[in-house]
Amino acid sequence: MTTYSNADLHCHSTVSDGTLSPETLAQRAHANGVDLWSLTDHDELGGQARAAAAAAACGMGYLTGVEVSVTFIGKTVHIVGLGFDMLDPNLHKGLAQTRGGREQRAMEMAEGLAQVGIANAFEGALKFVGNPDLISRTHFARFLVESGVCSDTNEVFRRFLTEGKPGFVPHRWAKLSDAVHWILGAGGVAVIAHPGRYGFSPNEEYALFTEFKGFGGQGVEVVTGSHSPAEYETYADMAIEFGLAASRGSDFHSPDESRIDLGTLPHLPSKLSPVWDLLATRIQ
Ligand code: AMP
Ligand code: MN
Ligand code: MN
Ligand code: MN
């Protein structure tokens, strides 16, 4: 089995809410020493063929990827799928359903922002959108930074786009069971993305891991750009407790936003089983 020393299995392109094309991301990952890469756009496979071709052109291993938005006990949770068949019709259908409703939600977000004096946010956010089906909070955040309302996207989320704030509109995404089944049905492995970000109580988090595992989920992100070093430890222990393989991914979106760059995270703790060992036959 090939061993990989710098896997980065989570990032976003202009096909969802990233600012770089799949090809530019592949080149950046390769330049940063990534030897196994996955593009995991939100709820969308439109960048997969381009990402796989660009990875092959620079001699980097590639796993197909997606990050599915799920509603679990009233909160948004992200499930990453890796190594699936990118042509699987059932996965395509499920993701198309999940994408639906984003435009309506965005118009409601703009109404909420208009009520606190921020006009034309829908049109403003649209200028940053690469894929009209995938208008997201990130695009509103970029507009509010560009228009000088906030100095960075973190501030926009804190003041305007999180629960209870004027631009927040709750949304029903896919069910956890559906997302896991779409990924498994397409021959892939399902991974809980950045569990440290959800703000769940210990009981809620236990429920997430237990149900996920019960549906056939096999992995969890341990080392991610969304976790602190203390959270690497916490979720390394959770991976072992639940018998889950561990993933590593930057969640890179843009060189201009304060997130970790592709290929620059610490290694997985050596006591963990890397998720890519489960996917050896799916690497392109
Ligand atoms: P949406 O799918 O429209 O709800 O948007 C979710 C996206 O917003 C995530 O994928 C992140 O890219 C981004 N995001 C969420 N929370 C934050 C935050 N606190 N700071 C910056 N970006 C965030
Ligand atoms: Mn995102
Ligand atoms: Mn996410
Ligand atoms: Mn992500």
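The values are calculated or read from the model by the stated rules, or taken from the named source; none is laboratory data. Nothing here was measured: the structure is a model prediction, and the numbers come from that model. Reconstructed Cβ throughout: ideal geometry from the backbone, glycine too, with neighbour counts over all protein chains shown.
So the values come out like this:
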read-out	value
Residue within region 192-201 that is more than 15 Å from ligand 4 (Cβ to nearest atom), of a type outside the set (Ser, Thr, Tyr), in the same structural domain as Tyr62 (by TED's automatic domain parsing) and touching a strand residue (DSSP E or B) at 6+ places or on another chain (Cβ under 6 Å) present	no
Filtered residues of region 73-84 (kept if buried (at least 23 other Cβ atoms within 10 Å of the Cβ) and over 14 Å from the mean Cα position of the chain (by Cα))	Gly83, Phe84
Lone qualifier among Ile79, Ile73 - being more than 18 Å from Asp133 (Cα to Cα), within 16 Å of ligand 1 (Cβ to nearest atom) and assigned by TED's automatic domain parsing to the domain that holds Ile192	Ile79
So Ala119, is it free of Cβ contacts under 8 Å to residues at least 40 places away in the same chain, assigned to a loop (DSSP other than H, G, I, E, B) and on the phi < 0 side of the Ramachandran plot	yes
Scan of region 34-43 for residues that are surrounded by 23 or more Cβ atoms within 10 Å (Cβ to Cβ) and assigned to a loop (DSSP other than H, G, I, E, B), ordered by number	Val34, Ser38, Leu39, Thr40, Asp41, Asp43
Near pairs, Cβ below 7 angstrom, 6+ apart or cross-chain, from region 57-78 (over 13 Å from Leu95 (Cβ atoms)) to any residue that is away from ligand 4 (no atom under 12 Å from the Cβ) and among the polar types (S, T, N, Q)	Cys58/Gln27; Tyr62/Gln284
Unique residue being in contact (Cβ under 8 Å) with a residue 60 or more places away in the chain, of a type in the set (D, E, K, R), more than 16 Å from ligand 4 (Cβ to nearest atom) and assigned by TED's automatic domain parsing to the domain that holds Ser21 when the list is Glu221, Glu233, Glu204	Glu204
